[in-house]
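Student: Here it is: the structure, laid out below.
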Amino acid sequence: MRWWAPCRWLFKAFSRSPGHLRTGDQGERLAQRWLKRRGYRTIGRNLRLGSDEIDLLMWSPDRKTLVIVEVKTRVLPQGSNAQEINPLDSMTPVKRARQVRAGRQLMRHPLAQDHAIRFDVVSVRLPERGRTIIEHYVSAFDQ
């Protein structure tokens, strides 16, 4: 038996994702499903382009535009007003610049050069009780 075998539970405990990553992953899955129901087609999820990341890369319903989707997810504490907590408030100019930089890197790919690119933001609010609130901001910002 290896020395670490009895400590396997310890490795599993520390290998779990932090809560904010699990929340973000849940929001991305919900946003992806929500967009697919509206005709968008998924190309990829959590794509790394250098130091930048694209949450969702999708085709628009008309299949003419590549859509880079930034998903912002927030858990709403019980008793809070959904309108008080807006995930878009965390879309800082730095985050926008990273998305634009990722879009420019994407445009260098031969398959993407003949298509327009659009930057959308999907806001996902997860209340402790009740229905999830999803809002889609088309062309949320420009290149």
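Student: Can you find, within segment 85-143, the residue that is farthest from residue 71 (Cα to Cα) among those that are hydrophobic (A, V, I, L, M, F, W, C) and part of a helix (DSSP H, G or I)?
Tutor: 107
Student: Same structure, new question: Return the residues of segment 128-140 that are of a type outside the set (Gly, Ala, Ser) and surrounded by 17 or more Cβ atoms within 10 Å (Cβ to Cβ); say none if nothing qualifies.
Tutor: 134 - this is the single residue of segment 128-140 that is of a type outside the set (Gly, Ala, Ser) and surrounded by 17 or more Cβ atoms within 10 Å (Cβ to Cβ).
Student: Restricting attention to segment 24-36, and to residues there that are more than 8 Å from the chain's Cα centre (by Cα) and over 9 Å from residue 124 (Cβ atoms), which single residue is surrounded by the most Cβ atoms within 10 Å (Cβ to Cβ)?
Tutor: 35
Student: Exactly one of (1) more than 19 Å from residue 22 (Cα to Cα); (2) at pLDDT 90 or above is unmet by residue 56. Its number?
Tutor: Residue 56 satisfies all of (1) more than 19 Å from residue 22 (Cα to Cα); (2) at pLDDT 90 or above except (1).
Student: Would you point out which residue out of 67, 94, 100 is over 21 Å from residue 22 (Cβ atoms), surrounded by fewer than 12 Cβ atoms within 10 Å (Cβ to Cβ), of a type in the set (Val, Ile, Thr) and within 18 Å of the chain's Cα centre (by Cα)?
Tutor: Every option except 94 fails the conditions.
The values are calculated or read from the model by the stated rules, or taken from the named source; none is laboratory data. Bear in mind that the values here come from a model prediction, so they are computed numbers and not experimental data. Here Cβ is always computed from backbone atoms with ideal geometry, including for glycine, and neighbour counts include all displayed protein chains.
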